[in-house]
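Notes for the one structure printed next.
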Amino acid sequence: MAAAAALHVPAGTLGHFDYQASPATREAPWLRWTLLTLSLGFFAVFLLLPLVAVFFEALRKGWGTYITALTDPDALSAVRLTLLAAAISVPLNLVFGISAAWAIAKFEFRGKQFLITLIDLPFSVSPVIAGLVWVLIFGAQGWLGPWAAEHDLKIIFAVPGIVLATVFVTFPFVARELIPLMEAQGREEEEAAIVLGATGWQAFWRVTLPNVKWGLLYGVILCNARAMGEFGAVSVVSGHIRGLTNTLPLHVEILYNEYNFAAAFAVASILALLALVTLALKTFVEYRHARAMEASVS
Amino acid sequence: MIALPFPFKRRFHVLPGFNLALGYTIAYLSLIVLLPLSAVLFKTLTLSFGQFWDIISAPRVVASFKLSFGASLIAAAINVVFGLMLAWCLVRYRFPGKKLIDALVDLPFALPTAVAGIALTALYAPNGWIGSLFAPGGAFGALFGEQGLKIAFTPLGVLIALVFIGLPFVVRTVQPILEDLETELEEAAASLGAQRWQTFRLVLLPILTPALLTGFALAFARAVGEYGSVIFIAGNMPMVSEIAPLMIITKLEQYDYVGATAIALAMLILSFVLLLAINALQGWQAAQRTRKPGGKS
């Protein structure tokens with residue numbers, strides 16, 4: 001969502017300021033310790049403990065059960081469908097994000113702010129509604145339902161519906177990152193390239209893209225994480241057919257509702273690992289982006 | 001209607017590709033987002049206003065709205081307090097593991113909601129690590145009477161899940177403002193004789209307020225629509241622990257498409273109002289940031 005997704009340069013990357021050096025910006029030790037204890041305690045209970053619990057529950061019945069749960073044919077087919085949904089939705093939204101950022105950041109036109117608000121819309125819509133809209137369009141009673149049935153197209157309770165729902169919920173990620181970044185960079189460099197005889201594509205590939213590559217990568221990482229982890233939207237359109245229309249998060253739900261907790265947490269641990277990899281990549285990209293900014297300033 | 005996002009005058013552009021880029025943007029936006037969302041409106045328009053009102057004022061639906069909005073408000077308020085504290089510690093203090101904690105704050109964004117849901121349920125169930133502490137025989141159970149305190153499968157569980165998913169919104173909105181804050185302000189306040197608490201309340205808090213409100217609104221908006229992390233821990237008892245998004249699913253499972261859509265429209269209108277409020281807040285925040293004469297470097 002808006003503020004949360006923006007490429008953020010963490011403190012300390014660009015030289016640390018020592019707040020404790022001056023009495024004007026420092027708190028009494030007792031207050032400092034109280035604040036640290038409270039906030040780190042809150043962090044540990046609310047964020048760290050659930051993460052630990054996933055791996056603990058996954059391995060509770062030993063590695064044998066863990067491996068069996070992951071190599072189950074239904075689990076493997078869920079992995080394939082999850083990868084497929086991400087492989088379609090991420091490139092689609094990447095192309096859209098670049099195109100939207102080019103139009104919004106490099107040109108002036110009326111209604112720009114309104115357009116940006118509309119692009120953000122999927123973030124403020126409940127995932128359940130993101131699934132419902134596709135049922136209203138392609139479901140049996142939907143606008144295009146009869147047409148789809150006539151042409152023997154199965155969209156709802158099938159793979160295309162899952163892809164559509166994933167595209168909807170991951171829609172703003174890349175655009176959100178690129179628009180402010182490309183706005184901040186202005187258009188002088190591209191204009192110079194054009195004046196020097198470059199074509200539009202050359203200016204884009206050789207000037208714009210290298211300038212925004214870290215922001216772009218950041219958007220793609222977040223987009224991919226959401227695409228692979230989406231639950232609510234996909235759950236509405238999936239129909240939960242094992243081995244056919246189950247993504248990994250839906251497979252977790254099915255196993256859990258069957259009281260097969262060890263297997264549910266085993267599959268969940270794969271998704272938790274994916275989240276940790278996402279956070280690591282994200283931190284790396286922030287670091288590289290901060291260094292690139294530093295280099296361009298000095 | 002609001003002005004269409006099209007240029008009214010043709011301008012001369014040095015850079016090429018404006019028509020293609022804007023045309024593609026609007027076409028794709030319409031196909032993927034606007035047309036599908038408009039289906040919610042058109043489907044609901046097949047109802048009379050009385051029918052629409054009957055659906056969304058049914059006791060079970062009203063109970064779910066109350067829970068969703070009430071729990072989301074409380075969760076966002078808790079996140080404002082602890083999010084500010086955590087952001088403060090991350091910006092101002094040095095402690096081991098700080099970078100790791102800074103990176104892990106975004107965990108609720110990265111962790112699939114279903115995973116968060118089952119993990120929280122395992123923790124807060126009566127036999128879980130935290131739940132057992134509040135169970136009748138647990139360390140804190142006796143404080144809550146003979147039954148202990150049941151967390152999972154009650155509205156309290158819903159609240160826990162919403163606190164989990166909302167925390168990064170507040171931290172990530174407040175943190176950059178805190179980092180940009182000029183220390184001169186605090187030095188001036190201190191040199192004029194202000195106590196630390198006075199400086200915080202009278203100098204820092206007013207500067208942080210727009211960011212805190214934005215974080216609150218973002219966390220609240222996300223919490224109202226949240227589904228995956230809540231349904232496992234909620235227990236989903238009608239009238240007690242059913243959230244509004246679950247009511248949509250319930251209606252869909254009964255093939256009551258119109259009913260599901262009416263509830264969805266009520267939620268959509270509310271999130272659109274929230275979105276406008278968030279945009280206005282962010283505009284206010286941006287105005288505050290540009291008004292001050294250059295941040296700390």
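The values are calculated or read from the model by the stated rules, or taken from the named source; none is laboratory data. Predicted model, so just to flag it, every value in this text is computed and none were measured. Neighbour counts are summed over all protein chains in view; Cβ atoms, including those assigned to glycine, are modelled from backbone coordinates with ideal geometry.
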Next on the checklist: Suppose we filter A:Ala140, A:Ala175, A:Ala149, A:Ala184 for residues that are out of contact with any Ser or Thr (no Cβ under 9 Å at 6 or more places or on another chain), aliphatic (A, V, I, L, M) and either part of a loop (DSSP other than H, G, I, E, B) or closer than 19 Å to B:Leu31 by Cβ (or both); which single one remains?
Outcome noted: A:Ala140
Checklist outcome for this item: By residue number, the members of segment A:246-286 that are within 17 Å of B:Thr121 (Cα to Cα) and touching a Phe, Trp or Tyr at 6+ places or on another chain (Cβ under 6 Å) are A:Pro249, A:Ala264, A:Ala266, A:Ser269
Item to check | Residues (at the interface with another protein chain (Cβ under 7 Å from one of its Cβ atoms) and farther than 21 Å from B:Asp256 by Cα) located in segment A:121-157 | outcome: A:Leu121, A:Pro122, A:Ser124
Next on the checklist: Can you list the helices (runs of 4 or more DSSP H) lying wholly within segment B:44-115 that have 3 or more residues being facing another protein chain (nearest Cβ under 9 Å) and under 22 Å from the mean Cα position of the chain (by Cα)?
Outcome noted: B:59-92, B:98-104, B:107-110
Item to check | Answer residue from segment B:143-161, given it is small (Gly, Ala, Ser) and not in a loop (DSSP other than H, G, I, E, B) and is farthest from B:Ser241 (Cα to Cα) among those | outcome: B:Ala161
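Identify, from the list A:Leu76, A:Leu84, the residue that is touching a residue at least 24 places away in the same chain (Cβ under 8 Å) and more than 8 Å from chain B (Cβ to nearest Cβ).
On the way: A:Leu76 fails: touching a residue at least 24 places away in the same chain (Cβ under 8 Å).
It is A:Leu84.
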Item to check | Qualifying position, being in a helix (DSSP H, G or I), away from chain B (no Cβ under 12 Å) and over 27 Å from B:Leu162 (Cβ atoms), among A:Val95, A:Val90 | outcome: A:Val90
Next on the checklist: I'd like the full set of residues that are away from every other protein chain (no Cβ under 14 Å) and free of Cβ contacts under 8 Å to residues at least 24 places away in the same chain, limited to segment A:46-67.
Outcome noted: A:Gly62, A:Trp63, A:Gly64, A:Ile67
Next on the checklist: Residue pairs, Cβ under 8 Å, 6 or more apart or interchain, first in segment A:233-254 and closer than 22 Å to A:Ala140 by Cβ, second among the β-branched types (Val, Ile, Thr) and in a loop (DSSP other than H, G, I, E, B). List them.
Outcome noted: A:Val234/A:Thr247; A:Val237/A:Ile156; A:Ser238/A:Thr245; A:Ser238/A:Thr247; A:Gly239/A:Ile156; A:Gly239/A:Thr245
Next on the checklist: Return the residues of segment B:210-253 that are without any contact (Cβ under 8 Å) to a residue 40 or more places away in the chain, within 11 Å of chain A (Cβ to nearest Cβ) and not β-branched (Val, Ile, Thr); say none if nothing qualifies.
Outcome noted: B:Lys251, B:Leu252, B:Glu253
Checklist outcome for this item: Of (1) out of contact with any helix residue (DSSP H, G or I) (no Cβ under 6 Å at 6 or more places or on another chain); (2) within 12 Å of chain A (Cβ to nearest Cβ), B:Glu146 satisfies every one except (2)
Checklist entry - Residue check: is A:Phe107 touching a helix residue (DSSP H, G or I) at 6+ places or on another chain (Cβ under 6 Å), surrounded by fewer than 22 Cβ atoms within 10 Å (Cβ to Cβ), over 23 Å from B:Val171 (Cα atoms) and without any contact (Cβ under 8 Å) to a residue 40 or more places away in the chain? => result yes
Checklist entry - Out of segment B:166-200, which residues are surrounded by 24 or more Cβ atoms within 10 Å (Cβ to Cβ) and either of a type in the set (S, T, N, Q) or touching a Ser or Thr at 6+ places or on another chain (Cβ under 7 Å) (or both)? => result B:Thr173, B:Gln175
Checklist entry - Among (1) within 16 Å of B:Lys43 (Cβ to Cβ); (2) among the polar types (S, T, N, Q); (3) part of a loop (DSSP other than H, G, I, E, B), which single condition is B:Asn236 missing? => result (1)
Next on the checklist: Scan segment B:242-264 and tell me whether some residue there is modelled with pLDDT of 90 or more, assigned to a loop (DSSP other than H, G, I, E, B) and buried (at least 16 other Cβ atoms within 10 Å of the Cβ).
Outcome noted: yes
Checklist entry - Which residue pairs have Cβ atoms closer than 8 Å, lie 6 or more positions apart in sequence or on different chains, and pair a first residue in segment B:152-167 that is without any contact (Cβ under 8 Å) to a residue 60 or more places away in the chain with a second residue that is basic (Lys, Arg)? => result B:Leu156/B:Lys150
Checklist entry - Do we find a residue being of a type in the set (Phe, Trp, Tyr) and at the interface with chain B (Cβ under 10 Å from one of its Cβ atoms) anywhere in segment A:236-256? => result yes
Item to check | Meets criteria (of a type outside the set (D, E, K, R), more than 9 Å from every other protein chain (Cβ to nearest Cβ), under 25 Å from A:Gly161 (Cβ atoms) and in a helix (DSSP H, G or I)) for A:Val285 | outcome: no
Checklist entry - Taking segment A:122-158 as the region of interest, how many residues are under 20 Å from the mean Cα position of the chain (by Cα), of a type in the set (A, V, I, L, M) and under 17 Å from A:Ser89 (Cα atoms)? => result 1
Next on the checklist: A:Val167 - would you say it is in contact (Cβ under 8 Å) with a residue 24 or more places away in the chain and within 20 Å of A:Arg80 (Cα to Cα)?
Outcome noted: yes
Checklist entry - All but one of (1) under 28 Å from B:Phe109 (Cα atoms); (2) over 21 Å from the mean Cα position of the chain (by Cα); (3) surrounded by 17 or more Cβ atoms within 10 Å (Cβ to Cβ) hold for B:Ile233; which doesn't? => result (2)
